[in-house]
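This report refers to the structure that appears directly beneath it.
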Amino acid sequence: MHDLVALLFGAVIIVFFSYERFNRATYEGGRQLRRLVDLLSPDQLRARRVVLNAYGFYAIALLLIYSFLCVYAELLPLLGGPNLTSDTLGADQLPAVPTAPPANATTGFVPSRNGSAMPWMQPLSNTVEQANTNNIIDIGIDASVSLTIALIMVGLAPTFPILQRFEDWMRSAAHRLAGIPTWVIRAGEDLRLNTLSITAAAENPIPEDTLLIPRGDWERMAHYLSSAKDQVAASDEFRDDLELIFAVSTWILDRKLKLGDLHEREREQFERLEAELRRRKDVLILELDELSGFHIDLTRTRKKKNSNQSQISGKSKSNEFKNANWDRLANDVENLTDDLCILLAIYVDHEIITKNETTDQHSVKTPKDLRDSSVRQQARAKEILEKFLENLLDSPTDHTHLRPRAMITWFWALGVILLVTLLWSVFPGQFETALQRNNPGDPYSRALRYVFTAFNAYCVPMIVALAIRDGGIQSHHWRNMWAAHWTVRLPQALFVVFISWAIATLFIVGLAFWPEVVDKARWVDKQQSIWSALRPVFEYNAPSSLRGAILALIVVILLDTQSALPRNRSARPTYLRSLAWAVSAAATLALCGAITRYVTAWSSALNALTPRQSLDEIDRGLIIYAALYSGIIGFIVIFCIAEVLFNQRSAKGVESNSIART
């Protein structure tokens with residue numbers, strides 16, 4: 001029992017101590033983030049809900065690796081890891097209850113008609129006979145092995161290169177899945193296409209509505225623009241950048257615009273970033289003042305708490321400003337504007353900046369409706385900022401809506417697959433099992449076996465395919481499978497099918513090969529290599545996960561189709577389209593189920609104790625059962641998901657039309 005406690009305790013160690021490793025940067029930031037990469041950790045580049053989802057993916061991946069290394073601990077020296085013990089290496093037996101072993105023990109998933117016994121229902125080797133019957137559960141994994149591997153994986157013990165590289169890859173994949181740092185870079189680039197357009201006319205540099213910006217800064221902008229008119233190549237872009245710098249510095253960095261107190265604690269984690277941007281803005285203003293000849297008392301427009309940062313000796317300032325020129329300062333203005341746009345994008349993602357739904361746009365434009373000038377300036381400034389951030393605040397196709405859709409899709413697929421599989425095991429499953437084993441077996445163990453197999457063969461490929469699509473959308477590398485050209489769709493579809501099939505196969509084959517590891521003395525005595533023992537297990541079990549990969553591809557195409565549909569079709573009845581999708585999926589899955597079962601039957605025939613050179617009636621019957629089961633799964637899963645997606649879109653279309661009519 002202590003072995004199980006140690007295994008679970010190692011899993012807890014990984015969950016609690018792996019977040020620090022997850023929060024390490026896997027990027028250099030590129031041109032857009034090179035100035036801010038040291039000020040922002042990965043979990044600050046996305047909203048907390050998105051980061052937790054990505055961390056969940058990362059933690060689950062580490063737990064799977066942890067389980068694999070605990071079971072196959074004897075492979076650690078081959079991977080460059082430590083040889084933990086010479087006596088007890090990994091799992092020496094499967095979890096078993098203290099029951100009397102049968103006369104002829106079977107070994108899990110053996111590629112023969114009568115060899116699919118469940119590893120947790122039957123003992124696997126004579127090792128079980130020597131198990132301590134006083135232990136309620138004996139998992140066969142030494143406590144020192146599981147705890148040592150857990151410490152290695154979280155970095156509390158020396159690691160080895162292969163594990164470290166794989167952990168780096170998994171962390172990078174989790175970051176890409178969350179859009180770290182790709183989303184904030186893309187959002188900042190999109191904001192650079194917008195302008196505030198707040199500069200007053202030349203004859204009146206200070207407008208009536210100052211928008212909370214100090215009068216001295218308005219005078220500065222007018223003087224800078226006048227001085228740089230013939231000095232910079234892109235004067236319009238220079239003006240737009242200056243507007244953004246002075247406005248965002250006043251509203252956000254100097255905190256004159258009230259954003260609300262709900263997320264004030266969330267904002268505290270960005271104090272270093274705000275201080276750095278404020279310092280760079282002050283230095284830039286000093287240089288622009290010197291170069292343009294603008295001289296006023298700078299302490300009026302600068303907070304007292306930052307005065308110590310801007311006190312530079314006259315001699316050193318003079319030497320520095322002599323080297324200043326308009327081209328360099330225009331480049332500094334552009335860089336600071338880029339970084340302020342990234343700050344705004346982060347604040348929108350963290351919901352520090354939100355849209356005020358209760359504000360009437362017409363009321364803020366009429367001064368007489370707001371008697372107090374300060375309130376009027378607050379409202380006008382907030383309106384302009386919201387308009388500048390409109391694409392991030394209001395876009396219905398924003399990335400934050402994609403993840404719930406993918407999760408809803410997977411939960412629907414999970415529920416439908418497991419429910420249909422459970423019902424199949426009750427009635428058709430008993431005849432299929434009787435045909436395969438000459439005995440329908442216990443209904444509870446049969447249902448458990450069917451559900452477990454369906455989860456690995458269908459649900460695992462589904463979540464992998466959805467994660468690939470979601471990560472591609474976050475990094476802007478995904479191409480819509482419905483709208484893209486076939487030369488783009490085909491490689492992307494093959495990639496999704498292969499990766500989802502490979503990961504599901506790893507699960508299935510790993511579980512099937514476990515008995516071979518336990519009974520390793522059997523194939524070691526026969527001088528068999530690992531591949532010789534693994535090959536028949538792979539050939540027998542690998543084809544089944546291809547059905548799940550094909551079903552996952554159909555779901556991905558369905559999601560892309562729903563995204564590509566025009567809005568004016570969204571209010572139509574959906575059941576006919578859903579039925580068409582379901583019939584197509586059923587035919588595809590039935591054909592795939594028959595082909596994969598055909599391959600499995602040949603593998604079973606050729607690798608049996610007495611090899612057969614042809615398939616018999618039992619094999620053909622099992623092929624028919626596999627085609628029926630796969631077709632039913634495909635029909636019901638796709639019909640339900642299509643109804644959910646199309647009706648969700650229809651509801652949004654009806655709501656939009658009703659709002660437009662009002």
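Numerical summary
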| item | result |
| --- | --- |
| Filter result for residue 275 (of a type in the set (A, V, I, L, M), open to solvent by 30 Å² or more (accessible area, probe 1.4 Å) and modelled with pLDDT of 90 or more) | yes |
| Residue 222 vs. criteria modelled with pLDDT under 85 and open to solvent by 10 Å² or more (accessible area, probe 1.4 Å) | no |
| Among the residues listed as 188, 155, the single one being at pLDDT 85 or above and either assigned to a helix (DSSP H, G or I) or surrounded by fewer than 22 Cβ atoms within 10 Å (Cβ to Cβ) (or both) | 188 |
| Hits in the stretch 72-82 (condition: modelled with pLDDT of 80 or more and open to solvent by 20 Å² or more (accessible area, probe 1.4 Å)) | 77, 80, 82 |
| Flag if residue 637 is assigned to a helix (DSSP H, G or I), of a type in the set (A, V, I, L, M, F, W, C) and more than 15 Å from residue 547 (Cβ to Cβ) | no |
| Qualifying positions in the stretch 550-582 - modelled with pLDDT of 95 or more and more than 30 Å from the chain's Cα centre (by Cα) | none |
| Single residue of the stretch 512-547 satisfying the filter (under 22 Å from residue 598 (Cβ atoms) and open to solvent by 70 Å² or more (accessible area, probe 1.4 Å)) that is modelled with the lowest pLDDT | 535 |
| Options 451, 488: the member that is without any contact (Cβ under 8 Å) to a residue 40 or more places away in the chain, surrounded by fewer than 16 Cβ atoms within 10 Å (Cβ to Cβ) and over 21 Å from residue 179 (Cβ atoms) | 488 |
| Members of the stretch 425-458 that are of a type in the set (Asp, Glu) and in contact with a helix residue (DSSP H, G or I) (Cβ under 7 Å, 6 or more places away or on another chain) | 432 |
| Residue 215, sole failed condition from (1) among the basic types (Lys, Arg); (2) touching a Gly at 6+ places or on another chain (Cβ under 8 Å); (3) at pLDDT 85 or above | (2) |
| Top-ranked residue of the stretch 23-70 - restricted to ones that are in a helix (DSSP H, G or I), of a type in the set (Phe, Trp, Tyr) and under 21 Å from residue 473 (Cβ atoms), ranked as most open to solvent (accessible area, probe 1.4 Å) | 57 |
| Scope the stretch 459-487; condition under 23 Å from residue 638 (Cβ atoms) and out of contact with any helix residue (DSSP H, G or I) (no Cβ under 7 Å at 6 or more places or on another chain); matching residues | 472, 484, 486 |
| Candidate set: the stretch 1-17, residues that are more than 23 Å from the chain's Cα centre (by Cα) and at pLDDT 90 or above; chosen: the one nearest to residue 58 (Cα to Cα) | 10 |
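The values are calculated or read from the model by the stated rules, or taken from the named source; none is laboratory data. Predicted model only: the values in this text are computed from it and were never measured. Ideal geometry is used to build each Cβ from the backbone, glycine not excepted, and the neighbour counts take in all protein chains shown. Remember, those area values only see protein heavy atoms, side chains included, never the ligands or the DNA or RNA. Shrake-Rupley method; radii C 1.70, N 1.55, O 1.52, S 1.80 Å.
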